[in-house]
Each structure stands twice: as structure tokens, then as C-alpha cells.
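Peer 1: Sending over a structure as C-alpha cells; questions will come in a sec.
The values are calculated or read from the model by the stated rules, or taken from the named source; none is laboratory data. Everything numeric in this text was worked out from a predicted model, so none of it was measured. Virtual Cβ from ideal backbone geometry, glycine too; neighbours counted across all protein chains shown. The accessibility values were calculated without ligands, DNA or RNA, using every heavy atom of the protein model including side chains. Shrake-Rupley method; radii C 1.70, N 1.55, O 1.52, S 1.80 Å.
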Amino acid sequence: MSEASLDHTLRIFRAVGEETRLRIMVLLARGELTVTELTQILGQSQPRVSRHIKILAEAGVVERYPEGAWVFYRLQDMKPEMAVLEKSLALLKSSSDLIIARDRERLEQVRRARAELAASYFQESAAEWDSLRRLHLPESDVEQAMRDMLGTTRVEQFVDLGTGTGRMLIVFQDIYAQGVGFDLSREMLAVARARLEEAGVTHARIRQSDLFSLPLESGTADIVCIHQVLHFLSDPATAISSAKTLLKPGGRMLVADFASHELEFLRENHAHRRLGFSDAEVQGWAQGCGLDLVRSQTLAPGKSEKGKLTVKLWLLSLPQDKKVKSRRKADIHA
Ligand SMILES: C[S@@+](CC[C@H](N)C(=O)[O-])C[C@H]1O[C@@H](n2cnc3c(N)ncnc32)[C@H](O)[C@@H]1O
């Protein structure tokens, strides 16, 4: 156990011992935010909010994560001596205190606005999605690598989150007895319905639902697939942890998304929020909710695939026995 230092502890409590800064901490306990979003929620000027964040970052409780033209802020992992602060934040997060409740409501508004932006993008591009998707993805390599990673052993239940046009339900049709795909966009689901019919896939159904609140019993899925969805979400970490609750013990989650990149225009023109993800980030989310990272794979585009991005696959699993230790980072990326 680490030794608590008076200086260090004082610095943290001084930093968080102020109303706006504590409100920022409570908001970040719900997931990463940009300074613009914090400004909208707190109703304070950007320079003021930036000043508060700087103090929190200097005290080591908030992490600054620049990504292209945007900067995300998130809570740092708390040291054991800060367990009391962690507990307070957890309690405040769902408190009915008027200020906290108003912040929570504004946070929801900000997230809804973002989700609506993405939803209208998918509404408009549903019909041409399959060709749009190919623009940035070395598609057939990715699909083959995903199949290799999951293997050919048949499972009972396959769940595809953010199923879009249902492509993953088609690609994996031979390894599941029952498939179900969830998506927010009715327009995408209309295309998915037609695609599944064309492909003769009768053992998969699709449902309209937000992946953050799925109408599915927990502990029932053998495989959960999240293909090219995380970079659209306001809170990818929470998406992983809520998807985890669907898994049976020993169940697997296959996450496919872009490796970190710098194509800022994907934010402006294609509703992306995050410019890809690093191994460390995904591994942190997995470990944070009790999943093991079994394997990761990098799929760089070939020379003839100009303009396409590197794709990463991460295979996570829910241990059969909770005592099973997570593998060491070095073992995984060896
Ligand atoms: C890039 S598409 C990927 C579709 C599909 N997985 C594929 O491989 O083609 C992302 C999909 O995620 C859906 N989506 C975004 N946010 C969502 C959410 N909160 N809940 C459910 N679906 C969501 C979008 O509607 C869109 O269809």
C-alpha cells in the first residue's frame, strides 16, 4: 500500500475543496468531457472553467487528454488514500442536491444533443452506409481477422451493439444459434432488415434500442460484438461496462475500432467524437469493469488502400471465476 503524504493529500483536498471544482469532479465521475461541454453544463465562461480544470490537473486528480483539435478531461485513477474522495464522488453522482441534480440534467442534455447529431448523420447516410463504411476501412481483412479471433465454435447467443446495417450479424451467421442486433437508428435498422432478408439470415433479430440501456437480460450473451461504434459515443468506457453485464461467465466481447488517428474531418463530416483509441485506453476500460484483455490485433491498410485507417481488434473476456487474474500488459501485446 502506498504511503500517504500530508503535502500531496492537502494539495488534492485544496483543489477539490471549491464548489465549481467539486462539481467538475462529480461530472467527470460520469465520463470524459471536453471543456466546451463543461462550460455548457456549468454555465460559466470558458476561461473560468479552464482555470478550474488546470488546478485539478495540477493536483493530479484530472487528466488532460488532447486528441486532434479537441481536449478531453477525465478523472485520474485515485490513490488508496483518496478512497474517501472517490466515495464522496460516487455518492454525489446520484445525489438529489439541487445544484448537482441540475448539472446532471444539463449533462444529459449535452449528451442527447451529441447523440442526436450522430443519429441525424446515420438517418441521412443509412441507404449508402455500406459503401461509406468501405471508405475508411480495410473491410474484408477486418472481417476475416474478426472471424479468426472468434473461431468457429458455435455459441448460443450473439449480440451486436450498434448493428447498423446488420453486417456483423451476417458475417457471423454461422457461429451463433440466435443473434440479436441493437441500434438507435430506425433508418439503419430498416436497411439491416432488408440485408438480413437478402442474406437469408432468419436466426437473427434486430431491435431499436440505446446500447446504454438495453432491453436484454444480463448474463445471457456468449459473444458481444461492438464494431465501429465506440468512436461515435459520448462515453465509450460506460458502453463497455454496460455491455459486459450482458455476458455469461466466460463470455467474450469483440471490440473493433480505429487505432488513434488524426483525421479531424471525420468529426466535422461524419459525426465521429473520438479519433480512435489506444491499447492502453481499451485495456484500462476492460480492467476497470472486470474484463480480461485476451488479445489485440492491429490491421494496417495495405499500400493500395490509400486513405484508409488502421483498425484495431480487442478481444475481451469475462472470467469464469472472478478470482482469475488479468493478464499482464506485456503478455498481451507480446
Ligand atoms: C458506424 S455504424 C457501425 C455499424 C455496424 N456495427 C457495422 O459494422 O457496420 C455505428 C452504428 O452505431 C449506432 N449507434 C450510435 N450510437 C448508438 C447508441 N447509443 N445505441 C445504439 N446504437 C448506436 C448508429 O446508429 C450506427 O448505426
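Peer 1: Taking the DSSP beta bridges in the range 129-332 as the whole, what percent of them are antiparallel, to the nearest 5?
Peer 2: 40 percent
Peer 1: Name the long-range amide H neighbours of residue 205: under 5 Å, sequence gap of 5 or more, or other chain; modelled H, no Pro or chain starts.
Peer 2: For residue 205, the qualifying residues are 179, 180, 181.
Peer 1: Just going by the charge dipole of the chain, with Lys and Arg at +1 and Asp and Glu at -1 on Cβ, which of 107, 16, 315 is farthest out on the positive end?
Peer 2: Checked the options; the winner is 16.
Peer 1: Hydropathy first: keep DSSP H helices in the chain averaging at least -1.0 on Kyte-Doolittle, then drop any whose Cα extent along the axis falls short of 30 Å, and list what survives.
Peer 2: 98-125
Peer 1: Give the accessible surface of the range 129-332 per residue, rounded to a whole number of Å², with probe radius 1.4 Å and ligands, DNA and RNA excluded.
Peer 2: For the range 129-332, the per-residue accessible area is 43 Å².
Peer 1: Something else: Please state the shape class of the chain: rounded when a/c is under 1.5, otherwise prolate if a/b exceeds b/c and oblate if not, all from the C-alpha gyration tensor.
Peer 2: It comes out prolate by the Cα gyration axes.
Peer 1: What is the total of Lys pairs in the range 129-332 with C-alpha atoms under 22 Å apart, excluding same-chain pairs fewer than 8 positions apart?
Peer 2: 10
Peer 1: Using the crude model of +1 on Lys and Arg Cβ and -1 on Asp and Glu Cβ, and no other charge, please compute the dipole size for the range 6-117 relative to its Cα centre, in debye to 20.
Peer 2: 180 debye
Peer 1: Please state the shape class of the range 163-300: rounded when a/c is under 1.5, otherwise prolate if a/b exceeds b/c and oblate if not, all from the C-alpha gyration tensor.
Peer 2: oblate
Peer 1: Within straight cross-link reach of residue 93, meaning Cα distance under 12 Å, which aspartates and glutamates are found once same-chain residues fewer than 8 apart are removed?
Peer 2: List returned: 103, 105.
Peer 1: Under the Karplus relation 6.51 cos²θ - 1.76 cosθ + 1.60, θ = phi - 60°, what is the ordered set of whole-Hz ³J(HN,Hα) values for the range 222-228, x standing for Gly and Pro?
Peer 2: Per residue, the Karplus-derived 3J(HN,Hα) values read 7, 9, 10, 10, 10, 9, 6 Hz.
Peer 1: Compute the signed sum of charges (Lys and Arg +1, Asp and Glu -1) over the other residues within less than 12 Å, Cβ to Cβ, of residue 174.
Peer 2: +2
Peer 1: When only the heavy atoms of the protein chains count and the probe is 1.4 Å, how do 133, 48 rank by accessible area, highest first?
Peer 2: 48, 133
Peer 1: From Cα pairs below 8 angstrom and at least 6 apart in sequence, can you work out the relative contact order of the range 129-332, rounded to a whole percent?
Peer 2: 19 percent
Peer 1: Moving to a separate point now. Of 153, 182, 172, which is farthest along the charge dipole of the range 138-195 in the positive direction, counting Lys and Arg as +1 and Asp and Glu as -1 at C-beta?
Peer 2: 182
Peer 1: How large is ³J(HN,Hα), in whole Hz, for each residue of the range 152-168 in order, when computed from phi with the Karplus curve 6.51 cos²θ - 1.76 cosθ + 1.60 and θ = phi - 60°, using x for Gly and Pro?
Peer 2: So the Karplus estimates, Gly and Pro as x, are 10, 5, 6, 10, 7, 10, 10, 10, 10, 8, x, 5, x, 8, x, 4, 5 Hz.
Peer 1: Right, something else. Tell me the carbon and sulfur percent of the accessible area for the range 6-117, rounded to whole percent, probe radius 1.4 Å.
Peer 2: With neighbouring chains kept in place, the figure for the range 6-117 is 54 percent.
Peer 1: Cα centroids of the range 93-115 and the range 138-204: how far apart, whole angstrom?
Peer 2: 34 Å
Peer 1: Can you give me the Cα centroid spacing of the range 5-82 and the range 231-304 in angstrom?
Peer 2: Going from one Cα centre to the other spans 24 Å.
Peer 1: So, counting K/R as plus one and D/E as minus one, what does the shell of residues with Cβ under 15 Å around residue 258 add up to?
Peer 2: Combined, the nearby Lys, Arg, Asp and Glu give -2.
Peer 1: What does the net charge come to around residue 122 if you take all other residues with beta carbon closer than 12 Å to its beta carbon, with K and R at +1 and D and E at -1?
Peer 2: Counting the neighbours of residue 122, the net charge comes to -3.
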